[in-house]
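A short write-up of the structure that comes next.
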Amino acid sequence: MTIMEPRKHGDASDGMVGGRMSRFEGSLKITGAATYALEYPFDNLAHAVLLQSTIAAGRVVSVETTAARAAPGVLMVLTPEDDLGLKMAGDWFGTPPEDKPYQPLPREVQFNGQSIVAVVAETREQAVEAAKLITITYDETASVKSIDDPNAGEGKLMDNLTVGWGDAEAALAAAPVSIEAEYATPREYHVAMEPHGLTAEWNGSELTIWEPSQWSHGMARMYAEWCGLPNENVRIISPFIGGGFGSKGQPLAYGAVAVAAAKRLGRPVRLAVTRPQNFTSYGGRAATRQKIALGATRDGILQAIVHRGASETSIYADYPEQTGAATPILYKVENFSSQHRIVPVNSVTPGALRGPGKNPSAYGIECAMEELAYKLDMDPLELRLKNYADHDYQSGKPWSTRRLREALTEGAEAFGWSRRSHAPRSMRKGKQLIGWGIGCGTFPVIRAPSDAIIRILGNGRVEVVSGSIDMGQGTYTILAQTASEVLGVPTDQIDVKLGDSRLPGSAIAGGSMLAGSITGAVHKAATAARDELIGLALSDANSPFRDTGSNTLSLTGGRIEAARGEGPSLSLGDLMAALGRDEIEVRRNTLPAGAQSAQEQQQAWTTMAKVQGPTMGDYSMHSWCAHFAEVVVDEDFGTVRVSRMVSAFDCGRLYNPKLVESQWKGGIIMGIGQALLEEGLIDPRNGRTVNNNVGDYLVPTNADIPDLQVISVGVPDYEASVLGGKGVGEVGIVGVAPAIANAVFHATGKRIRDLPITLEKLL
Ligand code: MCN
Ligand code: MOS
C-alpha cells in the first residue's frame with residue numbers, strides 16, 4: 001500500500017534543497033495513476049450512505065425503516081436507536097475523554113445537515129435508493145440559525161483571547177484622528193476537489209482505514225479511542241489526497257459510522273460523503289464580525305487599536321475563528337486592546353480553513369488601516385511603513401526574522417505603486433474604474449516533533465520513510481531533496497514513502513508546520529546515515545577506502561570518494577556490495593534527548609501536546625507577506641475583476657521555490673474567491689445551507705484569475721527550522737481579501753465591509 005514509484009527529475013541541482021524540482025506525484029495525480037481512498041479495490045465491499053437532519057434543532061422521535069430494510073440489496077440500517085459500541089475520544093491535545101458512549105447518529109439534533117441515519121447495501125446505488133424510503137419524524141425545538149439570528153445573543157467572551165497593553169480606550173479617545181468600522185465575513189467552506197469518505201476493514205481486532213488524512217497518526221489514535229483499541233491496532237492509509245485545506249485533520253462522525261458498520265457486518269464498508277453532505281459533515285470557516293477602532297496622530301502614527309470580534313461556533317463545542325490573531329503583531333502600537341466572543345448557533349462546529357484566525361483578522365486590520373490612510377489623506381503604503389513594528393509588542397520578543405518592510409517596498413516596486421493617484425475614482429479606462437489596494441498578511445511558525453527513517457539499500461537506492469502527509473503541498477518532493485542534499489544521491493535514486501500511520505510519526509500537515517518539522521527529522525536521520533556509511537567505509541576490513549588514510553569521504557552525485565579526490569571512486573551500490581551490506585537503516589526523531597520514553601513518543605506523534613507556538617523560545621517567529629491588488633470595476637454593472645496581483649513574501653529559506661510559488665498562488669486564488677465569490681447562505685427558516693454544492697457555492701475558476709506575480713524576500717531563519725524555512729502553506733491567503741476590498745474602494749469610492757464583494761453591494 002505504500003508508494004514507491006520512481007521519480008522524474010530535472011537537472012541535478014534541481015534535486016538539492018532550494019532546487020525547482022516538480023512535484024513527484026504530480027504526473028500520477030494528473031494521469032489517474034494515484035489511487036485515492038475511495039478507489040482501492042476490495043472483495044465483498046458494502047456501501048454506506050448517510051441521511052442528514054432537515055431541522056436545525058430538536059429530537060428524533062422515530063425513524064420509519066421497514067420499506068428500506070426490505071429494499072433490494074440492503075444489508076443494514078443504522079439509526080439513533082442503535083448502540084454502535086463506540087466510546088468518546090480525546091481531543092487533539094490528548095485530553096483523556098469522558099468515559100461515556102459516543103453516538104455519531106444522535107437522537108438530539110444540533111444542526112441542519114447532521115448525520116442521523118445510515119443505510120448499508122451491496123451497492124451504493126441500492127443504498128441511495130433505500131435511503132429514499134426512510135422517513136424521520138422530529139420533535140422540533142427552538143434554534144439559532146446563524147450569527148445574524150435575532151436570538152443569537154452577543155456570545156461568550158474568550159478570556160484566553162483577550163489581549164491588551166497600554167490604555168487603548170484612553171489613547172483612542174485622545175487621538176487627534178480616528179476611525180471605527182465594522183467588518184463581516186460569511187461562512188466559508190474548504191471545497192477540496194476530493195470529497196470526504198473512507199473505506200474501513202476489520203481483521204479481528206485490527207482496523208484498517210483508507211481515508212484522506214492530514215495526520216495519519218492523530219487520526220488513528222482517535223479512531224482507536226472510539227473503538228476501545230490500542231493505537232497500534234488502527235492503521236490509516238493515506239498516500240494521496242485531493243486537497244484538505246484544514247478539513248481532513250481529524251476523524252468525523254461519518255467515519256465512526258463506517259467503522260461501526262464494518263464491524264457489525266464483518267465486511268469492508270465504504271462511505272462516500274456526497275458533495276452536499278460535505279458542507280455540514282465538518283465545519284468550514286466560521287462567520288465573523290469585528291469592530292476595529294484606530295487612533296492616530298495627524299501625521300499617521302498609530303496611538304491605539306481597539307478591536308472587538310466575534311465568530312460563530314456550534315451549540316456543542318467552542319471553536320473560535322480568532323479575529324484578533326493578526327491585529328496585535330502587524331503594527332507598532334503602544335496601546336492595544338482586543339477581545340473575541342464566540343456565538344453558539346445551530347451549525348456543525350466550525351473548523352480550520354487555510355489561515356484560520358489570521359485570515360479574517362488581517363481582513364479587519366488591513367481594511368481599517370486603509371480607511372485610516374484615506375482619513376489622513378496619506379498613501380496607505382506610507383502609513384504601513386510609518387507604523388512598522390520593530391519587535392513583537394504582544395510577546396515583547398524580538399522577531400527571529402521579519403522582512404515585511406522588504407515585502408512592502410519590493411512588492412510596491414514590482415507593482416508600480418508609485419504611479420498610483422491617491423483619490424478614489426481617479427484611475428479609469430473608459431467605463432472601467434481601476435483601483436489599487438494593499439493587504440499585509442502573516443502566519444506563525446509552528447513546529448512539532450517528528451520521526452523519520454533513512455534506508456540505504458544494497459542496490460544503492462535510498463528510502464525516506466515517514467508517516468507524514470502530502471496532500472498536494474509537496475512533502476514527497478522536498479523530503480527527496482533533503483535526503484539528496486545530505487547523502488549526495490540524485491533524487492531519482494531516492495524513494496519516499498509517506499501517508500501511513502504504521503510509518504514513523506510526524507507533525508500534522510496543518511498549521512503550515514509540516515515542512516519545517518519533517519525536514520528536520522529527515523535531515524537528522526540522513527546525516528546519521530551518512531556518518532554511519534562513512535564510518536563503515538573508512539573502517540571495514542573489506543572497504544576499498546580503508547587504507548586511503550582519509551579521515552572523511554565525500555558523497556556527491558551518488559558517488560563516494562576521498563575528500564581530496566584521490567583514491568577510489570565508488571557508486572553507493574558498489575560500496576554497499578564491497579561492505580557486504582544489504583541495508584543501512586537509521587531512525588531519528590526531533591524530540592529532545594531527555595523526552596524519549598515510549599509515552600512521550602506516543603504523545604508526540606498522536607496528539608498536539610508537544611506542538612510549539614511562535615513565541616515559545618526567545619524569538620517571535622512568523623511568515624509575512626504584502627499583497628498588491630489591481631481591480632477593474634465596471635461603472636455600469638458593478639462587476640469586479642482582479643486584473644493583476646503582485647505579492648511579496650518572507651517565508652525564510654525556500655526548500656523548493658517552484659512548489660512554494662504554487663502554494664502562494666493557491667492561497668492567493670482562494671483569497672480572491674473569498675473576496676469576491678464565496679459565501680455560505682443559510683436559510684433563516686430552518687438553518688439549512690442553501691448553496692451546498694459547487695454549482696451554487698462559487699469558487700474561482702481559471703477565468704477569474706489574472707497573472708499572479710509572487711516574489712520571495714525572505715532570508716534563511718535558522719531559529720525557525722533546521723533548514724532555515726518558515727511556513728508557506730497558509731500565509732498566501734492572508735491579506736488577499738483586504739487588498740482587493742481596498743482596491744475596490746480606491747476604484748469606486750465605496751467601502752464594502754462585508755465579504756464577498758458582489759455587484760449588488762456596489763451598485
Ligand atoms: N515549502 C518550502 N519551503 C519552506 C516551507 C514550505 O519549499 N520554507 C513548500 C514545500 O513544498 C511544502 C509546502 O511548501 O510541502 C507546504 O509547507 P508548509 O508551509 O510547512 O505546510 P504543510 O506542509 O504543513 O501543509 C499544510 C498547509 C496547510 S495548513 C493548508 S490549510 C494547506 C496548505 O498547506 N492545504 C493545502 N497547502 C495546500 N496545498 C494543497 N495542494 N492542498 C491543500 O489541501
Ligand atoms: Mo491548515 S487550515 O492548518 O490545515
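The values are calculated or read from the model by the stated rules, or taken from the named source; none is laboratory data. Note that the structure is predicted; figures quoted are calculated from it, not measured. FYI the Cβ positions are ideal-geometry reconstructions off the backbone, even for glycines, and counts take in every protein chain you see. The protein model used for the area step is the full one, side chains on, heavy atoms only, and it has no ligands, DNA or RNA in it. Shrake-Rupley method; radii C 1.70, N 1.55, O 1.52, S 1.80 Å.
Out of 182, 169, report the one residue that is among the acidic types (Asp, Glu) and either under 30 Å from residue 57 (Cβ atoms) or open to solvent by less than 30 Å² (accessible area, probe 1.4 Å) (or both).
The conditions single out 182.
Within the set of pairs 6+ apart or on separate chains, which have a first residue in the range 419-436 that is part of a helix (DSSP H, G or I), a second that is open to solvent by less than 40 Å² (accessible area, probe 1.4 Å) and not small (Gly, Ala, Ser), and C-beta atoms under 6 Å apart?
Note: no pairs meet the criteria.
Restricting the search to the range 364-385, which residues are assigned to a helix (DSSP H, G or I) and either of a type in the set (A, V, I, L, M, F, W, C) or within 16 Å of ligand 2 (Cβ to nearest atom) (or both)?
365, 367, 368, 369, 372, 373, 376, 381, 383, 385
Of the residues 338, 361, 347, only one is part of a strand (DSSP E or B), of a type outside the set (A, V, I, L, M, F, W, C) and either open to solvent by less than 30 Å² (accessible area, probe 1.4 Å) or without any contact (Cβ under 8 Å) to a residue 12 or more places away in the chain (or both); which?
Result of the check over 338, 361, 347: 338.
Any idea which of (1) more than 16 Å from ligand 1 (Cβ to nearest atom); (2) modelled with pLDDT of 95 or more; (3) farther than 21 Å from residue 357 by Cβ is the one residue 715 doesn't satisfy?
Among (1) more than 16 Å from ligand 1 (Cβ to nearest atom); (2) modelled with pLDDT of 95 or more; (3) farther than 21 Å from residue 357 by Cβ, the lone unmet condition for residue 715 is (1).
If I ask for residues that are more than 16 Å from ligand 1 (Cβ to nearest atom) and part of a loop (DSSP other than H, G, I, E, B), which ones from the range 219-251 would you list?
If the condition is that a residue be more than 16 Å from ligand 1 (Cβ to nearest atom) and part of a loop (DSSP other than H, G, I, E, B), then 228, 229, 230, 251 are the ones that fit.
Pick from the range 460-473 the residues that are touching a strand residue (DSSP E or B) at 6+ places or on another chain (Cβ under 9 Å) and either of a type in the set (Ser, Thr, Tyr) or within 18 Å of residue 654 (Cβ to Cβ) (or both): which of them is farthest from ligand 2 (Cβ to nearest atom)?
466
Yes or no: the range 86-97 includes at least one residue that is hydroxyl-bearing (Ser, Thr, Tyr), within 30 Å of residue 610 (Cβ to Cβ), in contact with a strand residue (DSSP E or B) (Cβ under 9 Å, 6 or more places away or on another chain) and open to solvent by 10 Å² or more (accessible area, probe 1.4 Å).
No, the range 86-97 contains no residue that is hydroxyl-bearing (Ser, Thr, Tyr), within 30 Å of residue 610 (Cβ to Cβ), in contact with a strand residue (DSSP E or B) (Cβ under 9 Å, 6 or more places away or on another chain) and open to solvent by 10 Å² or more (accessible area, probe 1.4 Å).
All but one of (1) open to solvent by less than 20 Å² (accessible area, probe 1.4 Å); (2) more than 20 Å from residue 53 (Cα to Cα); (3) outside any strand (DSSP E or B) hold for residue 290; which doesn't?
Answer for residue 290: the failing condition is (3).
For residue 264, state whether it is at pLDDT 95 or above and part of a strand (DSSP E or B).
For residue 264, the condition - at pLDDT 95 or above and part of a strand (DSSP E or B) - is not met.
Among the residues of the range 474-488, what is the count of those that are in contact with a helix residue (DSSP H, G or I) (Cβ under 6 Å, 6 or more places away or on another chain) and either within 16 Å of ligand 2 (Cβ to nearest atom) or assigned to a loop (DSSP other than H, G, I, E, B) (or both)?
Within the range 474-488, residues that are in contact with a helix residue (DSSP H, G or I) (Cβ under 6 Å, 6 or more places away or on another chain) and either within 16 Å of ligand 2 (Cβ to nearest atom) or assigned to a loop (DSSP other than H, G, I, E, B) (or both) number 1.
Residue 149 passes all but one of (1) under 15 Å from residue 52 (Cα atoms); (2) under 31 Å from the mean Cα position of the chain (by Cα); (3) part of a loop (DSSP other than H, G, I, E, B); which number fails?
The one condition residue 149 does not meet is (1).
Might you check whether a residue that is without any contact (Cβ under 8 Å) to a residue 60 or more places away in the chain and among the charged types (D, E, K, R) occurs anywhere in the range 176-184?
So far as the range 176-184 goes, no, none of its residues is without any contact (Cβ under 8 Å) to a residue 60 or more places away in the chain and among the charged types (D, E, K, R).
Quick check: is even one residue across the range 456-473 assigned to a loop (DSSP other than H, G, I, E, B), closer than 30 Å to residue 371 by Cβ and open to solvent by less than 10 Å² (accessible area, probe 1.4 Å)?
No - not one qualifying residue is present in the range 456-473.
Looking at residue 665 and the list (1) within 23 Å of residue 389 (Cβ to Cβ); (2) open to solvent by 50 Å² or more (accessible area, probe 1.4 Å), which single condition is not satisfied?
Here residue 665 clears every test but (1).
At least 2 residues that are open to solvent by 60 Å² or more (accessible area, probe 1.4 Å) and within 30 Å of residue 233 (Cβ to Cβ) in each: list the strands (runs of 3 or more DSSP E) lying fully within the range 498-590 that qualify.
Counting at least 2 such residues, we get 583-589.
Could you say whether any residue in the range 296-304 is open to solvent by 20 Å² or more (accessible area, probe 1.4 Å), within 22 Å of residue 693 (Cβ to Cβ), modelled with pLDDT of 95 or more and in contact with a helix residue (DSSP H, G or I) (Cβ under 9 Å, 6 or more places away or on another chain)?
No.
Which count do you get for residues in the range 604-633 that are of a type outside the set (A, V, I, L, M, F, W, C) and in contact with a strand residue (DSSP E or B) (Cβ under 6 Å, 6 or more places away or on another chain)?
7
From the residues in the range 647-691 that are in contact with a helix residue (DSSP H, G or I) (Cβ under 8 Å, 6 or more places away or on another chain) and more than 27 Å from residue 417 (Cα to Cα), which one is farthest from ligand 1 (Cβ to nearest atom)?
689
Inside the range 159-175, can you point out the residues that are of a type in the set (S, T, N, Q) and in contact (Cβ under 8 Å) with a residue 40 or more places away in the chain?
Passing the criteria: only 162.
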